[in-house]
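The values are calculated or read from the model by the stated rules, or taken from the named source; none is laboratory data. Just so we're clear, the structure is a prediction, and the values are computed from it rather than from any experiment. Cβ: placed from backbone, ideal geometry, glycine included. Neighbour counts: every protein chain shown.
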Amino acid sequence: MSNVIHIVAYRDVTIESCPFCNKDTGNISGGNGQLYFIVCTNCQARGSSDPTAEGAVNLWNKALQQSQAKVNNLEQTIRELVSKLTPAAPEVASI
Ligand SMILES: [Zn+2]
C-alpha cells in the first residue's frame with residue numbers, strides 16, 4: 001500500500017500492541033481525504049476509522065484495553081467456576 005505511514009512519523013502518540021496478535025506492528029493508514037485507521041502488519045487486523053490519525057490510534061488503543069478487560073473478566077469467571085468444582089478440603093479432626 002502506498003499510503004501507509006510508519007508509526008515513527010507520529011512521535012506524540014503511542015500505538016499499543018495489536019489486540020489480536022500482541023505484536024508492536026501497527027501502522028497508520030489513510031489521509032489524503034480518507035479516514036485514518038491502524039493496520040497490524042503481522043496479522044492484518046484493522047482498527048476503527050477516524051478523521052484524524054490521533055483518533056484512529058486512540059480507537060486502536062481502546063480496543064486493546066477492552067480486549068484485556070474481557071480477558072480479565074473471563075479469568076475471574078474461570079476462577080469462580082473452578083472454586084465451585086473443587087471439593088472442599090476435608091475437615092481436620094481435632095484431637
Ligand atoms: Zn496483529
Exercise for the section: Starting from segment 43-61, keep only residues that are without any contact (Cβ under 8 Å) to a residue 12 or more places away in the chain, then list their pairs with residues that are in a strand (DSSP E or B) and of a type outside the set (D, E, K, R) whose Cβ atoms are within a distance under 6 Å, requiring at least 6 positions of separation or different chains. Expected result: Arg46/Phe37; Arg46/Val39
Fill in the blank from the handout: Filter segment 2-29 for residues that are more than 17 Å from Asn61 (Cα to Cα) and of a type in the set (Gly, Ala, Ser); the one that is modelled with the lowest pLDDT is Ser2
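Among the residues of segment 26-83 satisfying the criterion of being among the aliphatic types (A, V, I, L, M) and not in a helix (DSSP H, G or I), which is surrounded by the fewest Cβ atoms within 10 Å (Cβ to Cβ)? It would help to see each step written out before you state the result.
Taking segment 26-83 first, the residues among the aliphatic types (A, V, I, L, M) are 28, 35, 38-39, 45, 53, 56-57, 59, 63-64, 69, 71, 74, 78, 81-82.
Now drop any that are not not in a helix (DSSP H, G or I), which leaves 28, 35, 38-39, 45.
Details: Ile28: 24, Leu35: 14, Ile38: 27, Val39: 21, Ala45: 18.
Ranking the candidates gives Leu35 first.
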Handout entry: Thr86 being modelled with pLDDT of 95 or more and of a type in the set (Val, Ile, Thr)
Key = no
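Just give me the residues in segment 30-51 being modelled with pLDDT under 90 and in contact with a Phe, Trp or Tyr (Cβ under 7 Å, 6 or more places away or on another chain), in sequence order. It would help to see each step written out before you state the result.
Applying the first criterion (modelled with pLDDT under 90) to segment 30-51 yields 30-33.
Result: Gly30, single match.
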